[in-house]
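Engineer: Take this structure first; my questions come after.
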Amino acid sequence: MIPVEEALERILSYVKVLEREGRPLLETLGQVLAQDLYASFDIPPTDNAAMDGYAVRAADTHGATLSRPKVLPVIGEIAAGHPTRKGLRPGSAMRIMTGASIPQGADAVVQFEETDEVERKATGKPLTQIGIGREAEADLNIRRAGEDIARGQVVLRQGTVIRPSEIGVMASLGLARAPVYRRPLVAVLATGDELTEVGRTLPQGKIYNSNAFSIAAQVRRYGGIPRVLGIARDTVASLTRKIQKGLDADLFVTSAGVSTGDYDMVKEVLARHGEINFWTVRMKPGKPLAFGVLRQGERRVPHLGLPGNPVSSMVTFEMFARPAILKMLGWRSWEKPYLMAVSQSRIENKGGLRLLIRALVERRDGQYLASPTGPQGSGILTSMALANGLIVVPEEVALVKEGDPVKVLMLDWNQGQGASQ
Ligand code: AMP
Ligand code: MG
C-alpha cells in the first residue's frame, strides 16, 4: 500500500507542462500565461476626465464657492472618444464627459454637481457661461496617462493563471490572442462487458456507462479537452482497438478493469502497450489504482487506470488526474481549496486509510458544518451529487466524533444547497 502523496508524486513525475501556443483571448480562461506581457503604450493612453463636468485651469477657480461661483465662458464641449485639438485658454472652461481627453491647458475637472449648470439650463438659454462653485486643486478628477499601466512595464507575469480580470487586462492592451500553455487532450475509455451507452434501452443485467461522462466532465472542468473513446469490451481485440484510438492524447484515463478481481486480460493488454503498475493507495474510496505509460513509437502517454466504482472513479480523478491536468496546463499548485468545519456525525476509520467522506458543508451561525450525504458505498453516485466537499479523515485518526473539527476538501463553494440543486 502506498500513501496518497507518494502516488501523486509518482504520477506527476511523468507529467510535463505542455507546449505554448497562441489562443483567442476568451478561450484562455483557466489556462496559464506562457510569457511575460509588457505594455507597449500607457493605459489610459491620455490624461482624461474621471467625471462629467467642466475642464478648467485650477488657478482660475481661486476663491470660488457654491454661493459665489466663479463665472467662466464655455468655449467648447469634449465627448469621450472625440479628442479636440483646441486648447483651453486661461480664464475659460470646456464641458467634458467621463473618459474624454483633457484639453491642452486644463489641469482640473469640476463635476456638474459643483457648478450652476442645472440652473443655467433651466433658463432655456444656450450655455455660453458656467459658474464654477468650488476651488479646484490641480489634478482634480483627472486620470493621468499611464496611471493604471505604464508603457514598458511588465503587466502580467508568465505563470499567471488567467481569470476574467487577466482577460480584461489583456484586452485593455489590445491583445486578441494570448500566449498560453496548450490544453491537454485527455482520452477517456470505459471498460466492461456490463456497460451500455446512454440513449439506448437498457438490456437485462447491464448498466449505463456513467463513468465516461463524469470523467469527461471533470476533464473539461479542470481545463482539459476530453476525447471519449466509448466502451471497450472485455476482449483483447476490443481493448486493443480502443487504446490505439487514444494514443495521440496527452493523458489516457481508463475506468475499471484493473482491480484485483478483474480478468487479467485488461491488465495484460495495457501492459502490452507500455508499462503498468498496480497500486493500492491508502485511501477510501479508490484503493485500487493503476498507473503506467502507454507507448507508441517515440510517444509516451501517461496512463491512469481509475477504479470502476462511480464514486471511486470521481474521487481518484480529483486526487490524481486533476493535478496532472493542472500541471500540464502550467499551474504551479494544485492543492484543492479546503476549509475547516465541524463534523455533524461520528465517523469511524478502522482500516487506517485516508477516508474521503462525501459531505455537504453549510454555513450556520458563522460556522461551517459538514454532514455526510448518506450511505458512503462507492457505487452510490447520488451521494456525490448531494455533496459539495469531501471530509478528510487522516490515516492515523480512528474516530471523528460529532462536533470534532474536520478538514473538508471543497468540490464546490456552493453553500447551503447540494451541488445538484
Ligand atoms: P471494476 O473496477 O471493473 O471491478 O468495476 C467496479 C464496479 O464499477 C462494478 O460494479 C462496475 O459495474 C462498475 N462500473 C465499471 N465501469 C463503469 C462505468 N463506466 N460506469 C458505471 N459503472 C461502472
Ligand atoms: Mg469490470
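Engineer: Any chance you could count how many residues in segment 282-302 are assigned to a strand (DSSP E or B) and farther than 16 Å from residue 357 by Cα? Spell out the reasoning first.
Structural biologist: To start, the set of residues in segment 282-302 that are assigned to a strand (DSSP E or B) comprises 283-284, 288-296, 299-302.
When the remaining residues are screened for being farther than 16 Å from residue 357 by Cα, the result is 288-296, 299-302.
So the answer is 13.
Engineer: Here is a further query. Hey, does segment 90-102 have a residue that's over 16 Å from residue 133 (Cα atoms), over 42 Å from the mean Cα position of the chain (by Cα) and at pLDDT 95 or above?
Structural biologist: yes
Engineer: Need the failing condition index for residue 201 against (1) buried (at least 17 other Cβ atoms within 10 Å of the Cβ); (2) closer than 30 Å to residue 313 by Cα; (3) more than 16 Å from ligand 2 (Cβ to nearest atom), just the number.
Structural biologist: (1)
Engineer: Follow-up question, since we're still on this one. When you check residue 130 against the structure, is it surrounded by 13 or more Cβ atoms within 10 Å (Cβ to Cβ), under 25 Å from residue 171 (Cα atoms) and aliphatic (A, V, I, L, M), yes or no?
Structural biologist: Against the criterion (surrounded by 13 or more Cβ atoms within 10 Å (Cβ to Cβ), under 25 Å from residue 171 (Cα atoms) and aliphatic (A, V, I, L, M)), residue 130 does not qualify.
Engineer: Please determine whether any residue of segment 199-213 is in a loop (DSSP other than H, G, I, E, B), of a type outside the set (S, T, N, Q) and closer than 23 Å to residue 299 by Cα.
Structural biologist: no
Engineer: Got a number for residues in segment 303-315 being within 11 Å of ligand 1 (Cβ to nearest atom) and either open to solvent by less than 20 Å² (accessible area, probe 1.4 Å) or in a strand (DSSP E or B) (or both)?
Structural biologist: Residues meeting the conditions: 6.
Engineer: So which of 237, 249 ends up being more than 16 Å from ligand 2 (Cβ to nearest atom), in a helix (DSSP H, G or I) and either modelled with pLDDT under 95 or more than 14 Å from residue 190 (Cβ to Cβ) (or both)?
Structural biologist: 237
Engineer: In segment 158-198, what residues are more than 16 Å from ligand 1 (Cβ to nearest atom), among the small types (Gly, Ala, Ser) and assigned to a loop (DSSP other than H, G, I, E, B)?
Structural biologist: Within segment 158-198, 159, 174, 176 meet the criteria.
Engineer: Pull out all pairs, ordered by first then second residue, where Cβ-Cβ is under 6 Å, the residues are six or more apart or on different chains, the first lies in segment 156-181 and is touching a residue at least 12 places away in the same chain (Cβ under 8 Å), and the second is open to solvent by less than 20 Å² (accessible area, probe 1.4 Å) and of a type in the set (S, T, N, Q).
Structural biologist: From residues that are touching a residue at least 12 places away in the same chain (Cβ under 8 Å), the pairs are 162/28; 162/31; 178/28; 180/28; 180/31.
Engineer: Are there any pairs with C-beta distances below 8 angstrom linking a residue in segment 345-356 that is touching a residue at least 12 places away in the same chain (Cβ under 8 Å) to a residue that is assigned to a strand (DSSP E or B) and loosely packed, with under 12 Cβ neighbours inside 10 Å, with the two at least 6 apart or on different chains, and if so which?
Structural biologist: Every condition considered, the pairs that remain are 346/399; 347/399; 348/399; 349/399.
Engineer: Here's a follow-up. Within segment 66-112, take every residue that is closer than 26 Å to residue 147 by Cβ and touching a residue at least 60 places away in the same chain (Cβ under 8 Å) and give me the one that is surrounded by the fewest Cβ atoms within 10 Å (Cβ to Cβ).
Structural biologist: Per the stated criteria, the residue is 112.
Engineer: Another question, then. Return yes or no: is residue 23 open to solvent by 70 Å² or more (accessible area, probe 1.4 Å) and under 28 Å from residue 157 (Cα atoms)?
Structural biologist: Yes, satisfied.
Engineer: Considering 95, 89, 151, 120, which residue is among the charged types (D, E, K, R), over 23 Å from residue 174 (Cβ atoms) and assigned to a loop (DSSP other than H, G, I, E, B)?
Structural biologist: 89
Engineer: Moving to a separate point now. Please identify the pairs in which a residue from segment 360-379 that is closer than 30 Å to residue 255 by Cβ has its Cβ atom under 6 Å from the Cβ atom of a residue that is among the aromatic types (Phe, Trp, Tyr) and not in a loop (DSSP other than H, G, I, E, B), counting only partners at least 6 apart or on another chain.
Structural biologist: 361/368
Engineer: Specify the residue that is farthest from the chain's Cα centre (by Cα); the eligible residues are those in segment 228-241 that are within 16 Å of ligand 1 (Cβ to nearest atom) and open to solvent by 40 Å² or more (accessible area, probe 1.4 Å). Explain how you work it out, then say what you get.
Structural biologist: Looking only at segment 228-241, we keep the residues that are within 16 Å of ligand 1 (Cβ to nearest atom), and these are 228-235, 238-239.
Add one more test, that the residue is open to solvent by 40 Å² or more (accessible area, probe 1.4 Å), and what stays is 228, 233-235.
On the way: 228: 23, 233: 36, 234: 37, 235: 40 Å.
Looking at the filtered set, the residue picked out is 235.
Engineer: Residues of segment 204-226 being open to solvent by less than 70 Å² (accessible area, probe 1.4 Å), more than 16 Å from ligand 2 (Cβ to nearest atom) and more than 13 Å from residue 253 (Cβ to Cβ), which ones?
Structural biologist: Correct list: 223 only.
Engineer: If you don't mind, there's one more thing I want to ask. Which of (1) open to solvent by less than 10 Å² (accessible area, probe 1.4 Å); (2) farther than 30 Å from residue 29 by Cα is the odd one out, the single condition residue 259 does not satisfy?
Structural biologist: (1)
The values are calculated or read from the model by the stated rules, or taken from the named source; none is laboratory data. Owing to the predicted nature of the structure, the values given are computational and were not obtained by experimental measurement. Using ideal geometry, Cβ is built from the backbone for each residue, glycine included, and neighbour counts are taken over all protein chains shown. These accessible areas exclude ligands, DNA and RNA; they are computed on the full protein's heavy atoms, side chains included. Shrake-Rupley method; radii C 1.70, N 1.55, O 1.52, S 1.80 Å.
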